1. Could you say whether any residue in the stretch A:140-153 is within 14 Å of chain B (Cβ to nearest Cβ), modelled with pLDDT of 90 or more, part of a helix (DSSP H, G or I) and under 19 Å from the mean Cα position of the chain (by Cα)?
2. Just one of (1) in contact with a Ser or Thr (Cβ under 6 Å, 6 or more places away or on another chain); (2) farther than 21 Å from residue B:190 by Cα trips up residue B:271, so point out which.
3. Are there any pairs with C-beta distances below 6 angstrom linking a residue in the stretch B:125-142 that is closer than 14 Å to residue B:104 by Cβ to a residue that is buried (at least 17 other Cβ atoms within 10 Å of the Cβ) and of a type in the set (Val, Ile, Thr), with the two at least 6 apart or on different chains, and if so which?
4. For the stretch A:334-369, which residues satisfy the criterion of being farther than 28 Å from residue A:51 by Cβ, part of a helix (DSSP H, G or I) and touching a Lys or Arg at 6+ places or on another chain (Cβ under 8 Å)?
5. Given (1) under 19 Å from residue A:113 (Cβ atoms); (2) more than 14 Å from chain B (Cβ to nearest Cβ), where does residue A:193 come up short, assuming only one miss?
6. Mind telling me which of the residues B:322, B:310, B:263 ends up being closer than 29 Å to residue B:117 by Cβ and either surrounded by fewer than 24 Cβ atoms within 10 Å (Cβ to Cβ) or among the aliphatic types (A, V, I, L, M) (or both)?
7. Have a look at B:341, B:335 and point out the one that is more than 14 Å from chain A (Cβ to nearest Cβ) and either crowded, with 18+ Cβ neighbours inside 10 Å or assigned to a loop (DSSP other than H, G, I, E, B) (or both).
8. Check the stretch B:25-37 and report whether any residue there is within 17 Å of residue B:264 (Cα to Cα), part of a helix (DSSP H, G or I) and either of a type in the set (Phe, Trp, Tyr) or without any contact (Cβ under 8 Å) to a residue 24 or more places away in the chain (or both).
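The values are calculated or read from the model by the stated rules, or taken from the named source; none is laboratory data. None of these values were measured; they are calculated from a predicted model. Every residue, glycine as well, gets a Cβ built from its backbone with ideal geometry; the counts of neighbours run over all protein chains shown.
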Amino acid sequence: MLQSSVRTEQVTLNMGPQHPSTHGVLRLELVLDGEVVVDARPVIGYLHRGVEKIGEARTYPQFLPYTDRIDYLSAASNNGAYVQAVEKLMGVEVPDRAKYLRVIALELNRIASHLVFIATFANDLAATTVFLYAIRERELIMDLFEMWVGARLTQSTFRIGGVTEDIPEEFLPKAREFCALLPKRLEEYDRLLTGNRIFEARTRGVGILPPEVAWDYACSGPTLRGSGVSFDVRRAEPYEAYDQVDFEVVTHPACDCLGRYLVRMGEMRESVRIIAQCVDRLPQGEVRAKVGRVVKPPAGEAYGRVESPRGEFGCYVVSDGGTSPVRVRLRAPSFFHLAALPQMLRGWKMGDVVAILGSIDIVLGEVDR
Amino acid sequence: MNGGASERVFAFLTGYGVPEWIASAVWMLLMAIAVIVFVLLTVLILVWLERKISADMQSRVGPNRTGGRFGLLQTMADALKLLMKEDLVPRGADRAVFILAPFLVFVPALLVFLVVPFSDKWMVKDLNLGVLFVIAVSAFPVIGLIMAGWGSNNKYAVLGAMRAVAQLMSYEIPLVLAMVCVVVAAGSLKVGDIVAAQVDGGWFVTRFPLQLAFLVYMIAAMAEVNRVPFDLPEAESELVAGYFVEYSGMRFALFFLAEFAHLFFVSAFATTLFLGAWAGPGLPPVVWFLAKTYAVIIVIMWIRWTVPRLRIDQIMSFAWKLLVPASLLAVALTGAAVVYGKL
């Protein structure tokens, strides 16, 4: 009698858009059976700003600062993809010094972004102390950019044909100092997180993304490499000075949250190596090619792609020979990762949702554009 | 406090012709006020301490404006802010349940302080069944938690309450069994006797096999007070705040107070049961008691700011597969040690 009167039902829980762990304004419609996730549906668009359309109404140089704000955690890679497309259209040859400086900017941004990943990922798992440690190190990178271009977050380091300006004298010693410091700090994180039994229990085997699924969903970056697929735009189609520096493409075969975390930890170490090489070999010369005040690329289309901290960031620009693009299309890696998220979430518990969501490291600014 | 002072107050009042029952009522009232004031002050200190400790560990500064360089009055200011906040009962909430829940959590958190031996003389009431009283009363807040979660009519709150009940019930068992070890070793449920046994024969934590019981007690106690790695019921990054997500103002403050009061209590009781309560050379007993209690609290805070959070199923399997067997083993070992006179 009692049994017939007891019934259970599934609960639909709206996680977000105001929620501490959705990393911005993402809404996840979760169907829960108790604590277990039966289904998940990401609802996006809360941060849509129409960046692509804005591109059509601005001149080529004017649009550059807008790209900073797409993936606000790594302004340089957005700049990189955009200027790469425009430079391809115009056939501009960038001076060597500018190429190296760009690589420094890109890799500093990668470290900064990965540090934010470590911070928020740890925070989602309630290791709040790691959060503040990682933010502390990121501050040093912000200081480097402030010294160089004046801005800290949305730096607009790039210009069509080169970089904004040459680095000040004290930049290189500071950058060397940072390169020496960071590996030590990473070891500190390793001691706090990587070997921690609780951290491993929360991440190992959680949120499996098989390589073929990752590939089918067009995942890229650490999310793809955490599934053991060795694909990196820096290696596959080297841009700037990436063909002249020595670095490894970090992969991990685990396909789980821990794998994706370890890939990012490894990538930070590689980035430090790249920066150290660029700082040592930085050529002398101009930092900006002669482009002219009015940028008018010939009619045509071009696609610029860079390896952003989140994956392949692409920018497709169509020109009709005028002063502003006819069409700008942005390929944001987080968008594709978010599409694969329901696959990873099903069958896991409420507590894992934040871990898995954190492990793909989305930035809503670039998802919604 | 129950020694000379009580008799003096009693004699003073009856000397003026006050009936005995009124005199004892006045005494009880005084004691109640003393406990409440003490708990409130302790919570103020604990919140400040937690902020400062976490700030130190995270290379921050922590509160440093309100009340001098060390931000001593910051907590006071926050408490005042909470008092002045709008008291909100969400639409769709079960009003009576919603309003009653914080008190059901808060009152037991105060009651348990009746049997805390702050020094050889300062103890509100040394009940014959002191330990049993603690076990019974501290099982009570679970009802308040599920009332809060259910009454709020909020899915996050219900999830938080479900977790809270599952977790607190599970960890109650090893906690109680760890206390049973001490009771067996001391041969009494009376807190005064337990302390006396330690004053005479050395702290229980130094005597084999009670170290195991101490370990079980500390782990279970951390789960009881909802601290990382066991803070699932209120997991901020998952459930926003858990069962008290809909509470604001003073009602929220009651949950908050209860939590910190409980933190102090489990540490104080760890001191009482295992660390020799107020026993110690040189300093006054009450100083020893508070010093030991704060040492335990600092260890709990230290752990809380270092490790990540476990998942609900991991927490449950940890309790049932590891902690409960370990506590049973501790009881068996203690029993054997007592029977063979080796304790």
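1. From the stretch A:140-153, those within 14 Å of chain B (Cβ to nearest Cβ) are A:140; that's our starting set.
Next, from what is left, pick out any that are modelled with pLDDT of 90 or more: A:140.
Imposing the further condition that a residue be part of a helix (DSSP H, G or I) reduces the set to A:140.
Next cut, under 19 Å from the mean Cα position of the chain (by Cα) only: A:140.
Checking the stretch A:140-153: at least one residue is within 14 Å of chain B (Cβ to nearest Cβ), modelled with pLDDT of 90 or more, part of a helix (DSSP H, G or I) and under 19 Å from the mean Cα position of the chain (by Cα).
2. Just one mismatch for residue B:271, condition (2).
3. Note: pairs meeting the criteria are B:137/B:112; B:138/B:112; B:141/B:105; B:142/B:165.
4. Matches in the stretch A:334-369: A:351, A:352, A:355.
5. Evaluating residue A:193 over (1) under 19 Å from residue A:113 (Cβ atoms); (2) more than 14 Å from chain B (Cβ to nearest Cβ) leaves (2) as the failure.
6. Exactly one of B:322, B:310, B:263 is closer than 29 Å to residue B:117 by Cβ and either surrounded by fewer than 24 Cβ atoms within 10 Å (Cβ to Cβ) or among the aliphatic types (A, V, I, L, M) (or both), namely B:263.
7. Details: B:335 fails: either crowded, with 18+ Cβ neighbours inside 10 Å or assigned to a loop (DSSP other than H, G, I, E, B) (or both).
From the options B:341, B:335, the qualifying one is B:341.
8. Step one: of the stretch B:25-37, the residues within 17 Å of residue B:264 (Cα to Cα) are B:34-37.
Narrowing the set further to residues that are part of a helix (DSSP H, G or I) leaves B:34-37.
Keeping just the survivors that are either of a type in the set (Phe, Trp, Tyr) or without any contact (Cβ under 8 Å) to a residue 24 or more places away in the chain (or both) gives B:37.
Scanning the stretch B:25-37 turns up at least one residue that is within 17 Å of residue B:264 (Cα to Cα), part of a helix (DSSP H, G or I) and either of a type in the set (Phe, Trp, Tyr) or without any contact (Cβ under 8 Å) to a residue 24 or more places away in the chain (or both).
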